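A.B. asks: Quick one: structure below, then a few questions.
The values are calculated or read from the model by the stated rules, or taken from the named source; none is laboratory data. Given the structure is predicted, the values throughout are model-derived calculations rather than measurements. Every residue, glycine as well, gets a Cβ built from its backbone with ideal geometry; the counts of neighbours run over all protein chains shown.
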4 protein chains.
Amino acid sequence: MPQSTDTRYNHQRLAAIRSAAAVFADKGYHGASTADIAAHLGIKQGSLYYYFKSKEEALSEVCLLGIRDYVKRMSVIADSDQPFAAQLLATVSSHLMSYRETNEALKVYNDERLYLPEEKRTKLKTLGSRYRQQLEKIFEDARSAGVIRTTVDCHFAAQSVIGLCNSWGHLIVRDPELDVFILAQQCTDLVLQGVTAAQSN
Amino acid sequence: MPQSTDTRYNHQRLAAIRSAAAVFADKGYHGASTADIAAHLGIKQGSLYYYFKSKEEALSEVCLLGIRDYVKRMSVIADSDQPFAAQLLATVSSHLMSYRETNEALKVYNDERLYLPEEKRTKLKTLGSRYRQQLEKIFEDARSAGVIRTTVDCHFAAQSVIGLCNSWGHLIVRDPELDVFILAQQCTDLVLQGVTAAQSN
Amino acid sequence: MPQSTDTRYNHQRLAAIRSAAAVFADKGYHGASTADIAAHLGIKQGSLYYYFKSKEEALSEVCLLGIRDYVKRMSVIADSDQPFAAQLLATVSSHLMSYRETNEALKVYNDERLYLPEEKRTKLKTLGSRYRQQLEKIFEDARSAGVIRTTVDCHFAAQSVIGLCNSWGHLIVRDPELDVFILAQQCTDLVLQGVTAAQSN
Amino acid sequence: MPQSTDTRYNHQRLAAIRSAAAVFADKGYHGASTADIAAHLGIKQGSLYYYFKSKEEALSEVCLLGIRDYVKRMSVIADSDQPFAAQLLATVSSHLMSYRETNEALKVYNDERLYLPEEKRTKLKTLGSRYRQQLEKIFEDARSAGVIRTTVDCHFAAQSVIGLCNSWGHLIVRDPELDVFILAQQCTDLVLQGVTAAQSN
DNA sequence: AATGAATGAGAGTTCATTCAT
DNA sequence: TATGAATGAACTCTCATTCAT
């Protein structure tokens, strides 16, 4: 069993996970064949099994890759002392950036994790839930501080931000021209101000 | 070959499409087997082919069912003389309701249409684009009328509304307890006002 | 799910079991491919799965076929009132005949049952053990009646008879010329009298 | 290529053969993988090929190991001047002991040799046949000498003794508690005297 | 209008084998 | 002497599809 050190094996294995992420993102878990993944990595089909016990393990690893760092960054943001608007922008930026950085793994986490067996899925779900709860907490703190309206449903708001980011994430993956920073700014603005013009009176 | 009148055949065929929608929504296109669909409908696998030429045709029909009415209603909304806020609420309501009404077909349209061949996909895409354009137009008109800020990017706004509705739609399909009307109100509010508290000066 | 009546399905399924028995007997469980079995039956490989859920189920059914009748006949013999010598001859005859009748299924039961999962194996083992116990009982009764020597270890004797029959069974399967009736007579004689010449004094 | 002297290589090679014997005996030739054998020996899969040209060669060596000494001992017994009963006991003892001594190799020879190619199999068969013929000769001599009944079929008797020993051998391999000496005595007794009580007149 | 039976292509997976190091 | 990495063929199994009935 390989260590998590910097061996050649681990290097190649990570490459394999990234290949799986790309292919799963493109064709979906069931639509993608192990031959597709192997071809993307430049090896033969059977050789994949030197790195994965099964196709399912590949999916599992991709999902983990997809949310690990992204959840970690959310913790950093939640623990910071920045004002609400800055935290929100940071969250959205981090979320959208993840779609670029992790080779579509986050998309795979969102769309394909349901094909994992219960056990692995709940483990991932725990991570995902923590993310939402931390975002929710940010909203609640802002509401307590009077920064946002008292009528705002924080659960709804957090879920909406996540949903908004995810739906843009799909477009980001498909369209490499999209500017993630501008988009993050726009999304944050929308959530903060809405679209309505300021009442002038 | 049966006519498209109100025969028993057409009745059963619609039931078959709905079964396909339910199964595709649950397991994805590739994850679902024709046997699953048949079982959901209460017939045997081979008998499905009396209603569909192929599994792909089933997907195609489901996607069509998923957006037809929903696009139609958008046209009605776009053509109406209601004020912007009312149009937006109507759009969101219609969108979210579709997830309930059409037996998960809209979810299938969103998640699985990419598995259709070019030809059929572009045909659907046309419908989907029209939807977005009409929504975009609503935003543009509102901007011209000074109802929303001039800095609002209408393409971005329309896409965001659609994304927001779709991400909530996924939750709606999985959670039958969610109240679609309240949700529509909340989404509209978010887009209109954002979350920021009113500046008191 | 098919009934155990005389449907076409059950007829074909039995034929499939017999084919599996023949092929397993010839090449062993792991050495035989499902393609081999299908070819022996005159259908295509994939079609086998219309009759079996898995290759393992095929093995399981073959093993069952292999001992079912054979165990049943032993019960009849054990319950009869015949003298010991007649019972022994009947047992040996029945045992050897099974190798001819059941299309090598008994050989498969002996050699390949260890590849079944625990659960199914123990179920079969119960049947097999009953067989040995009944035979052992026959020896014990004979010993009590003074028909055989008091020094005879009945467990050893029963196991030896079974082993003798099984080893001849292997030869019977491979050599269609062997006369089972003569063989049964010889085996019984050996066990009854041994080879030693009568002491003449 | 190493010599057949007492090098470290030959030492390890013998260990490899014994590992193969153990694994083949446990899982069968086709059920066992080269990885299993390597693991049993404490090396990695690929390294096995330093000792064997192929998996088949491993089987071939195991079979040879299984019968070589056993056949040799039979020759010694056959050439000796002992009385029939002593020869028979010696034969049975030697046969049963082989199951203990040679690491299950004799079991492998019996059960798996059929997977060898014609050429190698016939070579082994020659050895095996010689064994049976020598045993047959022992019976024939005893019959000529009037030690055993004239009605005894010597071919049948020799085959039966071998079969009896092999079937007990299987049990010996699986059950380390079985006392081989007692068993040899019992088997010999059975063949000599049968089970029938002495006629008292 | 529906079914039972079969098919064949393709999937995931295993594994004996090779070879540079 | 042994290993890590890779390969390709074979295998079990699934499934969309067909068709006689």
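A.B. asks: Within the stretch B:58-77, is even one residue more than 16 Å from DNA strand F (Cβ to nearest atom), within 14 Å of chain A (Cβ to nearest Cβ) and more than 16 Å from B:Arg18 (Cα to Cα)?
C.D. replies: No.
A.B. asks: Any chance you could count how many residues in the stretch B:124-135 are of a type in the set (Ser, Thr, Tyr) and surrounded by 16 or more Cβ atoms within 10 Å (Cβ to Cβ)?
C.D. replies: Counting residues in the stretch B:124-135 that are of a type in the set (Ser, Thr, Tyr) and surrounded by 16 or more Cβ atoms within 10 Å (Cβ to Cβ) gives 1.
A.B. asks: While we're on this one: From (1) at pLDDT 95 or above; (2) under 30 Å from A:Val195 (Cβ atoms); (3) out of contact with any Ser or Thr (no Cβ under 7 Å at 6 or more places or on another chain), pick out the condition that doesn't hold for B:Leu89.
C.D. replies: Only one criterion in (1) at pLDDT 95 or above; (2) under 30 Å from A:Val195 (Cβ atoms); (3) out of contact with any Ser or Thr (no Cβ under 7 Å at 6 or more places or on another chain) is unmet by B:Leu89, namely (3).
A.B. asks: Still on this structure: So which residues in the stretch C:124-154 are more than 7 Å from chain D (Cβ to nearest Cβ) and not in a helix (DSSP H, G or I), if there are any at all?
C.D. replies: Across the stretch C:124-154, the qualifying residues are C:Ala145, C:Thr150, C:Thr151.
A.B. asks: Which of the residues that make up the stretch C:136-170 are modelled with pLDDT of 95 or more and loosely packed, with under 15 Cβ neighbours inside 10 Å?
C.D. replies: Matches in the stretch C:136-170: C:Lys137, C:His155.
A.B. asks: Please indicate, with yes or no, whether at least one residue in the stretch A:187-201 is modelled with pLDDT of 90 or more, part of a helix (DSSP H, G or I) and under 15 Å from the mean Cα position of the chain (by Cα).
C.D. replies: Scanning the stretch A:187-201 turns up no residue that is modelled with pLDDT of 90 or more, part of a helix (DSSP H, G or I) and under 15 Å from the mean Cα position of the chain (by Cα).
A.B. asks: Of the residues A:Ala157, A:Ala184, which is under 16 Å from B:Gln159 (Cβ atoms), in a helix (DSSP H, G or I) and within 12 Å of chain B (Cβ to nearest Cβ)?
C.D. replies: Of the residues listed, the single one that is under 16 Å from B:Gln159 (Cβ atoms), in a helix (DSSP H, G or I) and within 12 Å of chain B (Cβ to nearest Cβ) is A:Ala184.
A.B. asks: Something else now. So for the stretch C:19-30 (the condition being touching a residue at least 60 places away in the same chain (Cβ under 8 Å), away from chain D (no Cβ under 14 Å) and either away from DNA strand F (no atom under 11 Å from the Cβ) or farther than 24 Å from D:Tyr115 by Cβ (or both)), does at least one residue qualify?
C.D. replies: Yes; the residues of the stretch C:19-30 include at least one that is touching a residue at least 60 places away in the same chain (Cβ under 8 Å), away from chain D (no Cβ under 14 Å) and either away from DNA strand F (no atom under 11 Å from the Cβ) or farther than 24 Å from D:Tyr115 by Cβ (or both).
A.B. asks: Which of the residues belonging to the stretch D:95-146 are over 23 Å from D:Val23 (Cα atoms) and small (Gly, Ala, Ser)?
C.D. replies: Answer for the stretch D:95-146, where residues must be over 23 Å from D:Val23 (Cα atoms) and small (Gly, Ala, Ser): D:Ser129, D:Ala142, D:Ser144, D:Ala145, D:Gly146.
A.B. asks: Restricting attention to the stretch A:139-189, which residues are without any contact (Cβ under 8 Å) to a residue 12 or more places away in the chain and not charged (D, E, K, R)?
C.D. replies: Once the filter is applied, which keeps residues that are without any contact (Cβ under 8 Å) to a residue 12 or more places away in the chain and not charged (D, E, K, R), the stretch A:139-189 yields A:Ser144, A:Gly146, A:Thr150, A:Thr151, A:Phe156, A:Gly163, A:Ser167, A:Leu171, A:Pro176, A:Leu178, A:Ile182, A:Gln186.
A.B. asks: Filter the stretch A:41-52 down to the residues that are within 7 Å of DNA strand E (Cβ to nearest atom) and within 14 Å of another protein chain (Cβ to nearest Cβ) and list them by number.
C.D. replies: If the condition is that a residue be within 7 Å of DNA strand E (Cβ to nearest atom) and within 14 Å of another protein chain (Cβ to nearest Cβ), then A:Tyr49 is the only one that fits.
A.B. asks: Only residues that are without any contact (Cβ under 8 Å) to a residue 12 or more places away in the chain and of a type in the set (Ser, Thr, Tyr): list them for the stretch A:60-98, please.
C.D. replies: Residue satisfying the conditions is A:Ser80 alone.
A.B. asks: Further question on the same structure: With the requirement that a residue be surrounded by fewer than 18 Cβ atoms within 10 Å (Cβ to Cβ) and in a helix (DSSP H, G or I), what does the stretch A:112-123 give you?
C.D. replies: Selection gives A:Leu114, A:Glu118, A:Glu119, A:Lys120, A:Arg121, A:Thr122, A:Lys123.
A.B. asks: Report, by residue number, each residue of the stretch B:39-49 that is more than 8 Å from DNA strand F (Cβ to nearest atom) and crowded, with 18+ Cβ neighbours inside 10 Å.
C.D. replies: Answer for the stretch B:39-49, where residues must be more than 8 Å from DNA strand F (Cβ to nearest atom) and crowded, with 18+ Cβ neighbours inside 10 Å: B:His40, B:Leu41.
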